[in-house]
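Chemist: The following block contains the structure, expressed as structure tokens.
The values are calculated or read from the model by the stated rules, or taken from the named source; none is laboratory data. All of these numbers come straight from a predicted model, not from anything done at the bench. Every residue, glycine among them, receives a Cβ derived from its backbone with ideal geometry; neighbour counts consider all protein chains shown. All accessible areas refer to the heavy atoms of the entire protein, side chains included, with ligands and DNA or RNA removed. Shrake-Rupley method; radii C 1.70, N 1.55, O 1.52, S 1.80 Å.
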Amino acid sequence: MKVSVLNLKHRTDRYNRMVKALTNEGIEYDIDEAVYWKDTKFLDILKDRDMKIYNKWVSPASKNRWYNRKVNAGEAAVAMSTILMWERLLKDYPDENLFLCLQDDCEWKEGQLKTIIGLIETTLTKGKFSGHLPHGADLLYLCGYHVSGYDYEFKSIDKWYEEPDYVYNAHAIVYSRYAIERMLAFPYKNHLMSLDEYLMIQCKTTGRLDVSRDLGIERPMKAIKLKHAENIFQQINDKDEIISDIDGTPEV
């Protein structure tokens, strides 16, 4: 399993913390530089790579404030950064089937990540689908929280895993190679939107099934989640005026 961290160049504090945490656990990793929405590089990549912001996100009738506005610049930048990271991982590791992608705003107690990687590797699908994620899943959330105001429950699968429904905070996810290839093939780069939402749209665990239809998604991917992950992986709450926080960035 290859590990990669998405980090904004100007967030050296987060870079240093992630490097220290991974090094202390003896975990090999790559660092992918994220695109900052305020940087001219953001617009340059949009043009050079022919990327497009999804322009049908607004759903005025929805009571959900995330659905009755356009895609935010921060969301588009995270989507762009994630796509570039996915593409590099597939290219650099052609024989690898699993990829753990971390955003630089997550933290955990020393030793826990290595334990979790060991757990995943010992519960991988055996036999014909050897090397695939447990329970034939396409992606595995190592974090993610229930969202208040929604009537749903995560369904238990076994001792270690559960089936998530509407879930946010995609800052620590294990992707199968198939999942990345599929999401790039639709292609995500022509429909830049919230990564959290895009994953749920691909898995059809969101209220935005209109977007699923627009993207031509018929068969949903399968997602599973590590149980009690919210007690292991924490998202750092250090919002300030210079970081690429999604909430509050301008609509694009």
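Yes/no matrix, rows are residues, columns are (1) among the hydrophobic types (A, V, I, L, M, F, W, C); (2) modelled with pLDDT of 95 or more:
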site	(1), (2)
Asn72	no, no
Glu75	no, no
Thr82	no, yes
Glu96	no, no
Gln103	no, no
Glu107	no, no
Glu110	no, no
Leu113	yes, no
Ile117	yes, no
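Chemist: What are the pairs with Cβ atoms under 6 angstrom where one residue, in region 196-224, is closer than 18 Å to Tyr54 by Cα and the other, located anywhere, is in a helix (DSSP H, G or I) and among the hydroxyl-bearing types (Ser, Thr, Tyr)? Sequence gap at least six, or different chains.
Modeler: Ile201/Ser212; Lys204/Ser212
Chemist: Out of (1) open to solvent by less than 10 Å² (accessible area, probe 1.4 Å); (2) in a loop (DSSP other than H, G, I, E, B); (3) among the acidic types (Asp, Glu), the odd one out for Glu197 is which?
Modeler: Among (1) open to solvent by less than 10 Å² (accessible area, probe 1.4 Å); (2) in a loop (DSSP other than H, G, I, E, B); (3) among the acidic types (Asp, Glu), the lone unmet condition for Glu197 is (2).
Chemist: Kindly check whether there is at least one residue in region 52-68 that is in a helix (DSSP H, G or I), open to solvent by less than 20 Å² (accessible area, probe 1.4 Å) and touching a helix residue (DSSP H, G or I) at 6+ places or on another chain (Cβ under 8 Å).
Modeler: no
Chemist: Give region 1-50 a look and list any residue that's under 18 Å from the mean Cα position of the chain (by Cα), within 14 Å of Cys101 (Cβ to Cβ) and outside any strand (DSSP E or B), or say none.
Modeler: Met1, Met18, Tyr29
Chemist: Shifting gears a bit: Considering only region 96-124, state which residues are exposed (fewer than 15 other Cβ atoms within 10 Å of the Cβ) and within 19 Å of Asp138 (Cβ to Cβ).
Modeler: Scanning region 96-124 gives Glu96, Leu119, Glu121.
Chemist: Can you say whether Ala77 is surrounded by 21 or more Cβ atoms within 10 Å (Cβ to Cβ) and among the small types (Gly, Ala, Ser), as far as the supplied structure shows?
Modeler: Working: surrounded by 21 or more Cβ atoms within 10 Å (Cβ to Cβ): yes; among the small types (Gly, Ala, Ser): yes.
Answer is yes for this residue.
Chemist: Hey, another quick one. Restrict the check to region 138-147 and report whether at least one residue is part of a helix (DSSP H, G or I) and at pLDDT 90 or above. Spell out the reasoning first.
Modeler: Keep residues of region 138-147 that are part of a helix (DSSP H, G or I), which gives none.
Scanning region 138-147 turns up no residue that is part of a helix (DSSP H, G or I) and at pLDDT 90 or above.
Chemist: Given the criteria of a type in the set (D, E, K, R), under 25 Å from Lys38 (Cβ atoms), at pLDDT 85 or above and open to solvent by 40 Å² or more (accessible area, probe 1.4 Å), does Lys189 qualify? Walk me through how you get there before you give the answer.
Modeler: On the way: of a type in the set (D, E, K, R): yes; under 25 Å from Lys38 (Cβ atoms): yes; at pLDDT 85 or above: yes; open to solvent by 40 Å² or more (accessible area, probe 1.4 Å): yes.
Yes.
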